[in-house]
Amino acid sequence: TNALQRMLVLSDFPPHLFNKLKAFYKTLPLPSYCYAFTNSLNVLSWEDPFLTSILRGQNITGHRQKKGRKEMLWEDITVVQARVERMEARKEYVSFN
């Protein structure tokens, strides 16, 4: 799962292909004890308006209202680390460690 998450974040897939890959993994017939696997691939693409508003600092809470429902950005630590890795490689983010 971690390798798939990293691949989705670090690769420069076009949004159409990115969504097709996620949809494909969700259609795989998996046993019930692998339910967490399908949910772990809920990775937002870099072009997602919600994610970009958070990364630009326009939405610092990570919450939004969409069609009357509240949504919150929640990503696995592997996804967050891969996003930081990619942004540091592109000099879009500077870590102060």
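The values are calculated or read from the model by the stated rules, or taken from the named source; none is laboratory data. This one's a predicted model, so the numbers in the text were calculated from it and none came from an experiment. When we count neighbours, we look across all protein chains shown, and the Cβ atoms used for this are built from the backbone with ideal geometry, even at glycine. When the accessible area is computed, the model is the full protein with side chains, heavy atoms only, and any ligands, DNA or RNA have been set aside. Shrake-Rupley method; radii C 1.70, N 1.55, O 1.52, S 1.80 Å.
The C-alpha atoms of the chain define a longest principal axis, and helix 77-89 lies at about 40 degrees to it. Scaled to the globular estimate 2.2 N^0.38 Å, the Cα spread of the chain, given as radius of gyration, is 1.16. Largest first, the residues Met7, Met87, Met72 sort by 1.4 Å accessible area into Met72, Met7, Met87. Determine the shape class of region 11-65: with a ≥ b ≥ c the square roots of the Cα gyration tensor eigenvalues, call it rounded for a/c under 1.5, and otherwise prolate if a/b is greater than b/c, oblate otherwise. Oblate shape, in that a/c is at least 1.5 and b/c is the bigger or equal ratio.
With every protein chain in place and a 1.4 angstrom probe, the accessible-area ranking of Ile54, Ile77, largest first, reads Ile77, Ile54.
Accessible surface for Thr61 stands near 90 Å², nearest 10, in the context of the full protein assembly shown (1.4 Å probe).
Given a 1.4 Å probe and the protein chains as shown, Glu85 ends up with an accessible area of around 80 Å². The residues of the chain have, on average, 73 Å² of accessible surface per residue, using a 1.4 Å probe with all protein chains present. Sites counted here are trypsin sites (Lys or Arg not before Pro) in a DSSP loop (not H, G, I, E or B) having no more than 12 other Cβ atoms within 10 Å; the longest part of the chain that contains none of them is 1-55. For the chain, excluding the exposed loop sites themselves (chymotrypsin sites (Phe, Trp or Tyr not before Pro), DSSP loop, at most 11 other Cβ atoms within 10 Å), the longest remaining stretch covers 1-73. Computed over the Cα atoms of region 40-91, the ratio of the radius of gyration to the Kirkwood radius (Rg/Rh) comes to 0.98. Modelled spin-label separation between Cys34 and Asp48, with each label point placed 7 Å from Cα along the Cα-to-Cβ direction: 2.3 nm. Taking the 1.4 Å solvent-accessible surface of the chain as the whole, the part contributed by carbon and sulfur is 58%. For the chain, the longest principal axis of the Cα atoms and the long axis of helix 15-27 meet at an angle of about 40 degrees. Under the simplified labelling scheme, the Thr61-Thr1 pair shows an inter-label distance of 2.9 nm, with each label point 7 Å from Cα along Cα→Cβ.
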